[in-house]
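J.: This structure is in structure tokens; I'll ask about it shortly.
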Amino acid sequence: MGTIALLLSIIFIFLAGLHFYWAIFGIKDPSVVLPTKENGKFLFKPGKLGTVLVGLFLSLFAFIYLNKAISFTERRELTYASVAIGFIFLLRALGDFKYLGFFKKLRSTRFARMDSQYYSPLALLVSLLIFVLELLS
């Protein structure tokens, strides 16, 4: 189970680093990573603070799974947090039924194509890994 926990922490460290990079240097092509409406307008455009906060949460998630891999603290609350993270990523994979997730209706934007190919499958994989990790530990 340490391997799954380590893999999850690596995924979260990578995602956190990506968000910190975006906060510092900006996003080169926002239409690929931010959902847009059919007319090309962004649903939201997070600022630097919002992007850093997401990076911090992803770093916290990485800490939780790194702890599960090397057990430097035993806290039952971390198990509850882990299951909650699993549900967050499962909800992300399912989406809002319009702009993101597997069941989105709008599929013609650049973000929608990237979401279908990469973002939603990654969110589903992360949630499944978390649930397997928690069921087997």
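J.: Which one, Ile88, Ile70, Ile11, has the greatest fluctuation when you compute a Gaussian network model over the chain with C-alpha springs under 10 angstrom?
T.: Ile70
J.: What's the exposure ranking of Ile130, Ile85, Ile24, going from fewest to most Cβ atoms within 10 Å?
T.: Ile24, Ile85, Ile130
J.: Here's a follow-up. Along the charge dipole of the chain, which of Leu129, Ile4, Leu100 sits closest to the positive end, that is, farthest toward it, with unit charges on the beta carbon of Lys, Arg, Asp and Glu (+1, +1, -1, -1)?
T.: Going by the Cα projections, it comes out as Leu100.
J.: Report, in cubic angstrom per residue, the convex hull volume of the C-alpha atoms of the chain.
T.: 104 Å³
J.: What do you get when you divide the Cα radius of gyration of segment 12-92 by 2.2 N^0.38 Å, with N the number of residues?
T.: Output field value: 1.32.
J.: So what are the three principal axis dimensions of segment 75-137 from its Cα atoms, in whole Å, longest to shortest?
T.: 44, 16, 13
J.: For every other residue with a beta carbon closer than 11 angstrom to the beta carbon of Pro30, add +1 if it is Lys or Arg and -1 if Asp or Glu, then tell me the sum.
T.: Overall, the nearby charge balance is +2.
J.: Separate question: Please compute the contact order of the chain in relative form: average sequence separation of alpha-carbon pairs under 8 Å and at least six residues apart, divided by the residue count, as a percent.
T.: 31 percent
J.: Then there is this: Picking from Asp96, Asp29, Asp115, which is most flexible by a Gaussian network model of the chain using Cα springs under 10 Å?
T.: Asp29
J.: What is segment 75-137's relative contact order, in percent, from Cα pairs under 8 angstrom and six or more apart in sequence?
T.: Here the relative contact order equals 37 percent.
J.: Strictly over 22 Å apart at the Cα level, which of Lys48/Lys105; Lys48/Lys68; Lys41/Lys105; Lys28/Lys105 would you flag in this model?
T.: Check vs 22 Å cut-off fails for Lys48/Lys105; Lys48/Lys68; Lys28/Lys105.
J.: If you don't mind, another one. Per the helix-only calculation at 222 nm, which mean residue ellipticity applies to the chain, given -39500 (n - 2.57) for every DSSP H run of n ≥ 4 and division by its residues, nearest 500 deg cm²/dmol?
T.: After summing the helix terms and dividing by the residues of the chain, the value is -22000 deg cm²/dmol.
J.: Can you sort Arg113, Arg76, Arg92 so the residue with the fewest Cβ neighbours within 10 Å comes first?
T.: The most exposed by this proxy come first: Arg76, Arg113, Arg92.
Bear in mind that the values in this text are calculations on the coordinates, not laboratory data. Not measured: the values here are computed from a predicted model. Glycine gets a Cβ as well: all are built from the backbone with ideal geometry, and neighbour counts include every protein chain shown.
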